[in-house]
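The values are calculated or read from the model by the stated rules, or taken from the named source; none is laboratory data. The shown structure was predicted, so the numbers you read here are calculated from the model rather than taken from an experiment. Every residue, glycine among them, receives a Cβ derived from its backbone with ideal geometry; neighbour counts consider all protein chains shown. With ligands, DNA and RNA removed, areas are computed over all heavy atoms of the protein, side chains included. Shrake-Rupley method; radii C 1.70, N 1.55, O 1.52, S 1.80 Å.
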Amino acid sequence: MMLLSKEDIAALSARLGATGFAIGASEQDTLREQMVSTFNGSVQDGQGTAEACAELLAKLSRIDSNREWALQVLTGVDEQFGKVFEQERVTTGGGGIHVHVLVVLLDVLEEQFTGRELWELCSEKMGRCLAILCGLFGTGAYADDTARVLEASRVLFQLTVADTYIDCDLEEVKSLKHLEKMTRELHAHNNALIRGILDMPVIQGVAECLRPRMESLTKAVGSGQDIWGAPEHASLHETLGHVFSCLHNLLLFATESSTKLRKHITQTPLINTLLLPYLEALIASPPPPPPPPPP
């Protein structure tokens, strides 16, 4: 099977345009085999071709009808691509094979892709998990996509909860020592998460990513618009809930560097860009009361 060259990938990307295209049944098999072969052959061709191919796959997976096909591409790769994937130096600057693959998985699996899946995808390396999320928040095409940012913020929050790392229900806890062991394990993971956040622009990336949408929400409040029923604001409420819950859990479940994290938060745009404007919006336009329970 002929591999896709960078020129072929560029041509397909140009065909996508601004809105993308649905892959027709007649070309699905051929294009899938070409992309799988390109990923698997990237050991010889270098990471540049693999990254271009992964970026193209992320563009294609944005279309609903392409998503099952995109997952077939990822599940068709072999250990040769796995080596390239593992050897990639993940940076916080955006782009990269890992970031594009994460975007495809978020598109295809949605809430089924959790913090645990990211943890396993990154070979249980917290720094790599955070670098990939930084890359997503810092990549313009992804940072402007409300659905992808929402899913990424959910995964970030899930990195702070016990279910991501511990295979045990509370009902299965046999003794106090067992519970203490699980608690220490959760503390260790959250301590590592804080160290990563102190070293990487995670919070800064989230704040800058959400800044335009917060400004839009503030304008809507000022003009008396409904900020709770409007679809354009609904995902912002949910995204901010994930971000604030993440920070709350870090401060609650970590045993190291919590003071440094508090100081770090105050030195990022989070407070002035997101937290204070959001609190002002809630005061000016409080959420509607929940519906009464059924009789």
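When the charge dipole of the chain is built from unit charges on Cβ atoms (+1 for Lys and Arg, -1 for Asp and Glu) and taken about the Cα centre, the candidate among S37, V149, S61 whose Cα reaches farthest toward its positive end is V149. Report the per residue volume, in Å³, of the convex hull enclosing the C-alpha atoms of the chain. In the chain, the Cα convex hull volume per residue is 179 Å³. Computed over the chain, relative contact order equals 15 percent, with contacts defined as Cα pairs under 8 Å that lie 6+ residues apart. Partners of K263 within straight-line reach, counting aspartates and glutamates whose Cα lies under 17 Å from its Cα and excluding those fewer than 8 residues away in the same chain: D199. When shorter helices are ignored and each DSSP H run of at least 4 residues is given -39500 (n - 2.57), the per-residue value for the chain at 222 nm works out to -21000 deg cm²/dmol. Ignoring lysines fewer than eight residues from K59 along the same chain, the ones with Cα atoms less than 19 angstrom from its Cα are K6. The heavy atoms of L276 offer some 80 square angstrom of accessible surface to a 1.4 angstrom probe.
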